[in-house]
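First up is the structure itself, then whatever we jot down about it.
The values are calculated or read from the model by the stated rules, or taken from the named source; none is laboratory data. Just so we're clear, the structure is a prediction, and the values are computed from it rather than from any experiment. Cβ coordinates were reconstructed from backbone atoms using ideal geometry, including for glycine residues, and neighbour counts include every protein chain displayed. Note: accessible area is taken over every heavy atom of the protein model, side chains too, but ligands, DNA and RNA are not part of it. Shrake-Rupley method; radii C 1.70, N 1.55, O 1.52, S 1.80 Å.
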Amino acid sequence: MKNKIQELRKARKVTQQELADALSVTRQTIISLENGKYNASLTLAHKAAQFFGVTIEELFIFEGEENL
Amino acid sequence: MEKFKKQLVTSNCIYWLFIALSIIGAVLVVVFSPNHRDGNGTVGFFAAMIAISVINIHRNRKALKNEKLLKEMYINSVDERKKQITLQSAKASFFIILASMLIASIVFRFISMTVSIVLTCCMMFILIVYFAVTAYYNKKM
């Protein structure tokens with residue numbers, strides 16, 4: 001699933017480590033999220049959306065039937 | 001974070017108990033082993049378990065005194081991607097081990113019947129436990 005995490009993070013001048021600490025995940029998780037290799041759980045998606053002050057739908061781009 | 005601190009303290013108690021049991025086990029093996037050479041591997045195994053426990057106790061104590069290290073450990077323990085990796089690894093390992101046991105059981109049927117039967121019984125035990133645990137979680141969730 002594509003997302004705008006990297007875009008929003010750079011716009012707010014936040015490092016991956018700072019974002020990881022804020023969301024209580026490892027930096028590796030942030031890297032995997034930004035690369036689209038890992039799909040966040042609902043809880044993490046919600047935390048990330050709250051951190052950036054956007055909605056989940058604005059942060060994550062759901063492109064129909066993935067992995068079906 | 002307070003809950004995690006309590007978890008580390010509990011972990012340390014369990015490790016100490018493990019060390020005590022390993023020492024008792026090693027002593028029993030040495031004292032009651034008919035041929036002292038046979039016990040060497042087992043004593044070595046217990047020694048390794050003790051060493052691992054001591055390292056973990058030391059790591060936990062260090063984390064309890066250092067907030068930065070504690071936070072790092074906490075994040076590593078709750079990170080969802082790591083949990084998912086552990087889950088996927090366990091799932092894959094389970095099936096690989098079961099398949100390997102099945103193949104070994106068939107191969108050993110032509111070499112040693114005892115080994116084949118033991119492997120088959122182990123496989124059956126694993127499957128029974130798997131189905132029982134699955135039924136439990138199906139009901140719980």
Roughly how many percent of the accessible protein surface of chain A is carbon and sulfur, given a 1.4 Å probe and a whole-percent answer?
50
Round to a whole angstrom and tell me the spacing of the C-alpha centers of the stretch B:52-92 and the stretch B:104-141.
31
Percent accessible area from carbon and sulfur atoms, chain B, protein chains only, probe 1.4 Å:
72
How many Lys pairs in the stretch A:2-54 lie less than 15 angstrom apart by Cα atoms, where the lysines are 8 or more positions apart or on different chains?
4
Residues of the stretch A:2-54: accessible area per residue at 1.4 Å, in Å²?
56
Using helices alone, I'd like the mean residue ellipticity at 222 nm for the protein assembly as shown: each DSSP H run of four-plus residues gives -39500 (n - 2.57), total over residue count, nearest 500.
-26500 deg cm²/dmol
Shape verdict for the protein assembly as shown, please, from the Cα gyration tensor: rounded (a/c under 1.5), prolate (a/b greater than b/c) or oblate.
oblate
Under the classification rounded if a/c is under 1.5, otherwise prolate if a/b is larger than b/c and oblate if not, where does chain A fall, given a ≥ b ≥ c as square roots of the Cα gyration tensor eigenvalues?
prolate
Considering amide H positions built from the backbone, and no H for Pro or chain starts, which residues 5 or more places from residue A:3, or on another chain, come under 5 Å of its amide H?
A:61
Ignoring ligands and nucleic acids, chains A and B bury, in total, an accessible area (1.4 Å probe) to the nearest 100 Å² of about 800
Three-way shape label, chain B, alpha-carbon gyration tensor, a/c 1.5:
oblate
If the cut-off is a Cα-Cα distance under 16 Å, which lysines reach residue B:62, setting aside same-chain residues fewer than 8 apart in sequence?
B:5, B:6, B:71
So which trypsin sites (Lys or Arg not before Pro) in the stretch B:1-68 are both in a DSSP loop and have at most 16 other Cβ atoms within 10 Å of their Cβ?
B:37
